[in-house]
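> Got a structure for you, written out below as structure tokens; questions coming shortly.
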Amino acid sequence: MCGIIGYIGNKKAEPILINGLLRLEYRGYDSAGISTIEKNGLKTIKNKGRVSELEKVSGINDLTGTIGIGHTRWATHGKPSSTNSHPHMDNSKKFAVVHNGIIENYADLKDFLKSQNYTFLSETDTEVIPNLIHYYYQTSKNTGSKKLLEAVSNTIKMLKGSYALEILCSDFPDNMIVVRKDSPLVIGKGLNENYISSDIPAILSFTKDFYLLNDNELAFISRDSIEFYDSNLNKIEKIPQNITWNAGAAEKNGYPDFMLKEINEQPMAIRETIGSRITSNSKSIIPDLDGLNKSYLSSINKISIVACGTAMHAGLAGKTLFETLCEIPVEVEAASEFRYRNPLINEKTLCIFISQSGETADTIAALKLAKSKGSKTLAISNVIGSSISREADFTIYTHAGPEIAVASTKAYTSQIVLLAIIAINFAEKLNLNKEKLEELKKDILLLPSQLEEILGNIQNIKNFAQKIYKEKDIFFIGRGIDYTVALEGSLKLKEISYIHSEAYPSGELKHGPIALIENDVTVISILTNRLLVEKSISNIQEVVTRGAKTFIVTNQELNHKFDEVIQIPKTNTLISPVLSIVPLQLLSYYISKEKGLDVDKPRNLAKSVTVE
Ligand code: M6R
């Protein structure tokens, strides 16, 4: 939620900031703004609406400063408006600040500052920050950069909540200070220039060397140097990490939207995620999991999988994988529930946290809770060095490449493949289900080419999207692992087409939801389990009898006539969601396009939910 960008170098900052904001806009698009250090001091231009609106504000191209900060907002405190847009300044206009996160105690801080005669223009939580910095700056006995560092350090000691902050001070026209806690921020190192961003892809075309900050570490940045400090202002050393993603991965590369590009990248994402972790006829090789050995795995009483949204749906597929292959009971829970209900976990529980971004606030909080209860924690993330990966005892990465569209697609399928590989690794260590594992490995290795086959044959999906895009309600049904795909298909449809939809286990229909089925309602059914075909067909017939239109995704031969049947290749039921979700991703995509919506940036949503 919210994207922040910064530049310090010898080039004009404004176009670099605007370009970065356009790339970060998927994190929030309620308003945008930038501040640069000009010859005559700090200059701020901000506006309600998207970055394209900011670009039109008169005077923005006249900014010549070579140091600047920028922000694209997903509104939390205060409605979208120009005044509530970032950057925010203190009363004296000496400091400009952009912020991603939430300051939970902002009301108390505001009262304190008001008692010191500070006044406020906006309704935001952020505006207390530049004013607090000013307060401590004024009262500091230090001089030079120490004075500024001390003011920032004292300020963050007062803040409760989450923040990634970029701070400019007109007394330091050649520097910028950044600091983070529970919100993402990376520093890209260039030659006599440095870049700051909420995520790596936004600045990947400028550098591949990145510094990552731990909570409450500060960086004092110049054009040609970066000094790092811990929260007590002791100097610390950091080594940049080299990121192997190529810059093209963050571009649309000829696709009209990131979502369509990312759907089509799934064969590659799966190939990369498999890598050399599994090959047929030999044991899996996952050095990252060596610490979870036979004696540990034999001692655990359950696995808890915790995640949000699509990542949680991948976790539901993971449950079947671990229970079937490793014979360990598995619970799957939304992080936002898990963190507040005192879950029954202990040192005998392995907790797995799945997060594409690795920055989801609820998932990070749930992970911290699990650690506090003595559980071992394993993170699955797509972003190297993300917060979740730094918190967890073990981390294993999907290699899906940057996922930029708000609707998650390739992350989901890569997460399921990685869960399957982890389950295989655990089962091998436990000497369980040898034959099943061999078959499953072969099937996993076939997935990329099977995905290519599905993606090469999409006309019927497009046609069906044209038929149903005006509908108000759509239902998804499935049994077993197909039900988990129904949940994900329904989420995809809701978030990018704004059509109300529900997912039910097929067998639950008669317990209530079938009352909603009337003439012409669309029911989408996923049917990949040979053992459940007949039962599922009966459920579909029951809705057809009541007038429903049917869209079926299956790898079975069906002897019945339905409105649209999308055949997908056969695979092991345990990993069937990797294939069966793809027609549903495409259906949602084409429905959204038919409706003329912004597929990549659906309303009210942001890619990374860094606030709870
Ligand atoms: O980055 P994460 O995997 O932690 O994100 C979790 C959810 O916010 C995310 O999957 C969300 O549900 C997507 N917009 C769904 O498409």
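> Residue by residue through the range 423-470, note down the ones that are assigned to a loop (DSSP other than H, G, I, E, B) and surrounded by 15 or more Cβ atoms within 10 Å (Cβ to Cβ).
Across the range 423-470, the qualifying residues are L430, L432, N433, I458, Y469.
> Identify the residue in the range 306-335 that is near the ligand (Cβ under 10 Å from one of its atoms), open to solvent by 30 Å² or more (accessible area, probe 1.4 Å) and touching a helix residue (DSSP H, G or I) at 6+ places or on another chain (Cβ under 7 Å) and, among all such residues, is farthest from D482 (Cα to Cα).
C308
> Given the options S576, S506, S525, S536, name the one that is away from the ligand (no atom under 16 Å from the Cβ), of a type in the set (S, T, Y) and more than 33 Å from the chain's Cα centre (by Cα).
The conditions single out S536.
> Considering only the range 185-277, give the strands (runs of 3 or more DSSP E) lying wholly within it that have at least 1 residues that are farther than 15 Å from G401 by Cβ and within 21 Å of the chain's Cα centre (by Cα).
Output list reads 186-189, 194-197, 209-212.
> (1) buried (at least 22 other Cβ atoms within 10 Å of the Cβ); (2) over 20 Å from K470 (Cα atoms): which one isn't true of K570, the others all being true?
(1)
> Could I ask something else about it? Looking at T545, T528, T554, which one is more than 23 Å from T324 (Cα to Cα) and free of Cβ contacts under 8 Å to residues at least 60 places away in the same chain?
T545
> Quickly run through the range 267-323 and pick out the residues that are free of Cβ contacts under 8 Å to residues at least 12 places away in the same chain and of a type outside the set (S, T, Y).
If the condition is that a residue be free of Cβ contacts under 8 Å to residues at least 12 places away in the same chain and of a type outside the set (S, T, Y), then I285, P287, D290, E323 are the ones that fit.
> Kindly indicate whether any position in the range 488-499 is at pLDDT 95 or above and more than 16 Å from the ligand (Cβ to nearest atom).
Among the residues of the range 488-499, not one is at pLDDT 95 or above and more than 16 Å from the ligand (Cβ to nearest atom), which makes the answer no.
This table checks each residue for (1) part of a loop (DSSP other than H, G, I, E, B); (2) more than 16 Å from the ligand (Cβ to nearest atom); (3) under 23 Å from A307 (Cβ atoms); (4) not assigned by TED's automatic domain parsing to the domain that holds S501.
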| site | (1), (2), (3), (4) |
| --- | --- |
| F562 | yes, yes, no, no |
| S580 | no, yes, yes, no |
| N604 | yes, no, yes, yes |
| E612 | yes, no, yes, yes |
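> Would you mention how many residues in the range 478-503 are over 22 Å from Q415 (Cα atoms) and either buried (at least 20 other Cβ atoms within 10 Å of the Cβ) or without any contact (Cβ under 8 Å) to a residue 12 or more places away in the chain (or both)?
So the count comes out to 3.
> A further question follows. Test H560 against the stated conditions and say whether it is at pLDDT 90 or above and either surrounded by fewer than 16 Cβ atoms within 10 Å (Cβ to Cβ) or aliphatic (A, V, I, L, M) (or both).
No.
> If you go through the range 337-376 one residue at a time, how many are at pLDDT 95 or above, hydroxyl-bearing (S, T, Y) and within 11 Å of the ligand (Cβ to nearest atom)?
Number satisfying all stated conditions: 2.
> When you go through Y136, Y163 one by one, which is the residue that is closer than 21 Å to E104 by Cβ and open to solvent by 10 Å² or more (accessible area, probe 1.4 Å)?
Y136 is the lone residue from the list that is closer than 21 Å to E104 by Cβ and open to solvent by 10 Å² or more (accessible area, probe 1.4 Å).
> Check A379 against each of (1) surrounded by fewer than 24 Cβ atoms within 10 Å (Cβ to Cβ); (2) within 13 Å of the ligand (Cβ to nearest atom) and name the one condition it does not meet.
Looking at each condition in turn, A379 falls short on (1).
> Which condition number in (1) out of contact with any helix residue (DSSP H, G or I) (no Cβ under 6 Å at 6 or more places or on another chain); (2) within 25 Å of R341 (Cβ to Cβ); (3) open to solvent by 30 Å² or more (accessible area, probe 1.4 Å) is the one that E391 fails?
(1)
> Quick one: what pairs do we get from the range 105-121, first residue open to solvent by less than 80 Å² (accessible area, probe 1.4 Å), second in a loop (DSSP other than H, G, I, E, B), C-beta under 6 Å, 6+ apart or different chains?
Here the result reads N105/K160; Y106/D125; Y118/N91; F120/E127, each pair linking the range 105-121 to a residue that is in a loop (DSSP other than H, G, I, E, B).
> Test L24 against the criterion of being open to solvent by less than 30 Å² (accessible area, probe 1.4 Å), free of Cβ contacts under 8 Å to residues at least 60 places away in the same chain and either of a type in the set (A, V, I, L, M) or on the phi > 0 side of the Ramachandran plot (or both), and give yes or no.
For L24, the condition - open to solvent by less than 30 Å² (accessible area, probe 1.4 Å), free of Cβ contacts under 8 Å to residues at least 60 places away in the same chain and either of a type in the set (A, V, I, L, M) or on the phi > 0 side of the Ramachandran plot (or both) - is not met.
> Sticking with this one: Right, I177: out of contact with any helix residue (DSSP H, G or I) (no Cβ under 6 Å at 6 or more places or on another chain) and not basic (K, R) or not?
Judged against the criteria, I177 is not a match.
The values are calculated or read from the model by the stated rules, or taken from the named source; none is laboratory data. The model shown is predicted, which means the values in this text are computed figures rather than measured ones. Backbone-built Cβ (ideal geometry, glycine too); neighbour counts: all protein chains shown. Ligands, DNA and RNA are excluded from the accessible area calculation, which covers all protein heavy atoms including side chains. Shrake-Rupley method; radii C 1.70, N 1.55, O 1.52, S 1.80 Å.
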